[in-house]
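The values are calculated or read from the model by the stated rules, or taken from the named source; none is laboratory data. Everything numeric in this text was worked out from a predicted model, so none of it was measured. As a convention, Cβ positions derive from the backbone with ideal geometry for all residues, glycine included, and neighbour counts pool all protein chains shown.
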Amino acid sequence: MVNRRRFLGLGPLIGLFPSLAFRSTQPQPTTTPGPTAQPGPLVISTWKQPKAHAAAQAVLEQGKRAIDIVEAGVRVPEADPNDTSVGYGGLPDRDGRVTLDACIMDEHGNAGSVTYLENIMHAISVARAVMEKTPHVMLSGEGAQKFALANGFKKENLLTPAAKAAWQNWLKTAKYKPVINIERHDTIGMLAIDKAGNISGACTTSGLAFKMNGRVGDSPIIGAGLFVDNEIGGACATGLGELVMRTCGSFLVVELMRQGRTPQQACEEAALRIVKKQDYKDIQVGFIAVNKQGETGAYSIQPGFNYTLTQNGQTQVTDARSYLKK
């Protein structure tokens, strides 16, 4: 603090440079230093996703933007009838309806999202169209479907015979309250750094199996299931979306990285925020993250969460660290 005598002594200088009167009494803004060099390109996603990464890597090698990379990557599980948690073949809600949620975010902070989308396989591409062709961030339900059809997307039945049979079997003994199972993961989230060093992310899901009709989780929510800040990094979440929404999980991870945490430290702290407030023994939430320097992190509450990383042409699936041990 500047005392009165010193302040008066500065009078002649203050007359010439008025801002000197405040510099020693007010906190000055700080800036986060950028990386010393551009990181190499990479792709990271939740769960074991070798096919999605092969598609993403092919786009990366063409020198395209990170948003093109993540869109191409997550479209693969969206079209896979054997993947029961995303897109075509996704397990329906308790009324037998397959409803999709997705969001996407680019290096400029632009974002698009769809929720409760029916009969359109590639929800992630509809979300991108929302971002690029409308003044909105999110479209939902019938409005999202009308928008998709107007923009050339194909209407088709997403309930496969296998998913329908699983739903009918569930109905025999199902209770109204869904039972959380850590093996019933419900999302692919993907982050990429392109050759220009820019970051984008995508997240797509058919949601919690046999959910209440109308339920929307964290996956299409910017700041919950996905968040990207190209100056800092990006993060994705998977697991029980209600808990991620309550903590703005992916936004929290990125903000922790802004404050100096590594991606690993940020993922761990975000998961612990949930653990401190919830009975965590029967729930699963996992986070992945990447920062501008190309460092990555992953962490979950329960064991069993893994992630896929492609870097320098090599793809590896790794079990994430977890709060509870095997």
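Based on what the data block shows, is Pro220 buried (at least 24 other Cβ atoms within 10 Å of the Cβ) and out of contact with any Gly (no Cβ under 8 Å at 6 or more places or on another chain)? Spelling it out, Pro220 is indeed buried (at least 24 other Cβ atoms within 10 Å of the Cβ) and out of contact with any Gly (no Cβ under 8 Å at 6 or more places or on another chain).
Let's see how each residue does on (1) modelled with pLDDT of 95 or more; (2) surrounded by fewer than 13 Cβ atoms within 10 Å (Cβ to Cβ):
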| site | (1), (2) |
| --- | --- |
| Pro29 | no, yes |
| Pro39 | no, no |
| Val43 | yes, no |
| Gln57 | yes, no |
| Leu60 | yes, no |
| Gly63 | yes, yes |
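In the set Gln311, Gln278, only one residue is in contact (Cβ under 8 Å) with a residue 24 or more places away in the chain, more than 17 Å from the chain's Cα centre (by Cα) and either within 26 Å of Ala58 (Cα to Cα) or buried (at least 21 other Cβ atoms within 10 Å of the Cβ) (or both); that residue is Gln311. Filtering Gly239, Gly197, Gly223 for residues that are in the same structural domain as His136 (by TED's automatic domain parsing), modelled with pLDDT under 95 and on the phi > 0 side of the Ramachandran plot leaves a single hit, Gly239. From the list Ala224, Ala202, Ala196, Ala237, the lone residue that is within 9 Å of the chain's Cα centre (by Cα) and under 16 Å from Leu42 (Cα atoms) is Ala202. Screening Ala129 against (1) under 13 Å from Cys203 (Cβ atoms); (2) part of a helix (DSSP H, G or I) leaves a single unmet condition, (1). Return a yes/no flag: does the stretch 237-254 have any residue that is outside any helix (DSSP H, G or I) and closer than 30 Å to Gly63 by Cα. Scanning the stretch 237-254, I find at least one residue that is outside any helix (DSSP H, G or I) and closer than 30 Å to Gly63 by Cα, so the answer is yes.
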